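Working notes, beginning with the structure itself.
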Amino acid sequence: MQNTDMPIITISRQYGSGGRFIGQRLSEKLGIPFYDQALINLAAKRSGFACELFEHAEKDASGLTFLLSMSTHVPGLAGPPLNDQVFMIQSDTIRHLAEQGPCILVGRCADDVLRERTDCLNVYVHASMQDRIDRAVKHYGVPREQAKNILRKMDKNRAAYYEYYTNRHWGRAENYHLSLNSDSIGIDACVETIALVARSLMKKAAVERAKKANPT
């Protein structure tokens, strides 16, 4: 049974920082759904577009080259450029999932897409370059000799994508409620910290609701 006494948690992350692992473990701990690849699958199903369009949108957004190459209309169809259509469908899917109840959403500008909601906890996960390299090599099969350049490119792409669609700077502390260094405190401590803050946030919201219901 889903735990409804939780906020919606969005996780933005540097590539290789362990954000996805943290989200998965947090999902198990809090008893709420986790959406990463599942979000892509749902967006593709709802739109009829191929999964690959959603999979590559964020990680392959290599600055202006990506934006210009994707800013073309689908042949024979009127409407926004393809990249904007993909983002709008993805954003609608994120809102749809948030309406279903508490969940964990990784990446894809979810913190900005849900910015009007008051029941969100927005988290940013980062780590040292060496820790990220080790994780990328171990878990993602990245060649060690190429890892640093690949990580920098992935971060650049994510920043370009985020900044293009949100007009905000990716990774800036003011965009998030919580920023965690997974290298310094460890994955398990990140999970525990987010869970603690999530519960505290919901308790605070409950107190505020009670005050409004019973003003003195």
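The values are calculated or read from the model by the stated rules, or taken from the named source; none is laboratory data. Quick caveat: nothing in here was measured; it's all calculated off a predicted structure. Note: accessible area is taken over every heavy atom of the protein model, side chains too, but ligands, DNA and RNA are not part of it. Shrake-Rupley method; radii C 1.70, N 1.55, O 1.52, S 1.80 Å.
Taking the alpha-carbon centroid of each part, what is the distance from the stretch 146-188 to the stretch 14-52 in angstrom?
So the separation of the two Cα centres works out to 17 Å.
For a quick check: with amide H placed at 1.01 Å from N, whose amide H comes under 5 Å from Ser179's, ignoring anything fewer than 5 positions away on the same chain?
It is Tyr124, by chain and number.
Calculate for the chain the 222 nm mean residue ellipticity that helices alone would give, adding -39,500 (n - 2.57) per DSSP H run of length 4 or more and normalising by residue count, nearest 500 deg cm²/dmol.
Value at 222 nm, helices only, nearest 500: -19000 deg cm²/dmol.
Kindly sort Lys45, Lys211 by accessible area of their heavy atoms, largest first, with the probe set to 1.4 Å.
Correct descending sequence by accessible area is Lys45, Lys211.
Tell me, in nm to one decimal, what length is gained between Glu145 and Glu99 on full extension, where the rule is 0.36 nm per residue of separation less the Cα-Cα distance?
In short, 12.2 nm is gained.
Hey, what's the chain come to in accessible area per residue, 1.4 Å probe, Å²?
Here the per-residue accessible area is 53 Å².
Which entry is the computed volume of the Cα convex hull per residue in Å³ for this structure: [x] 144; [y] 109; [z] 121?
This structure yields the entry labelled [x].
So, in the stretch 82-216, how many Lys pairs have Cα atoms under 26 Å apart, if the pair is 8 or more places apart or on different chains? Walk me through the numbers before you get to the answer.
Values: Lys138/Lys148; Lys138/Lys153; Lys138/Lys156; Lys148/Lys156; Lys203/Lys211; Lys203/Lys212; Lys204/Lys212.
For the stretch 82-216, qualifying lysine pairs total 7.
Roughly to the nearest percent, how much of the accessible area of the stretch 90-138 is carbon and sulfur, given a 1.4 Å probe?
41 percent
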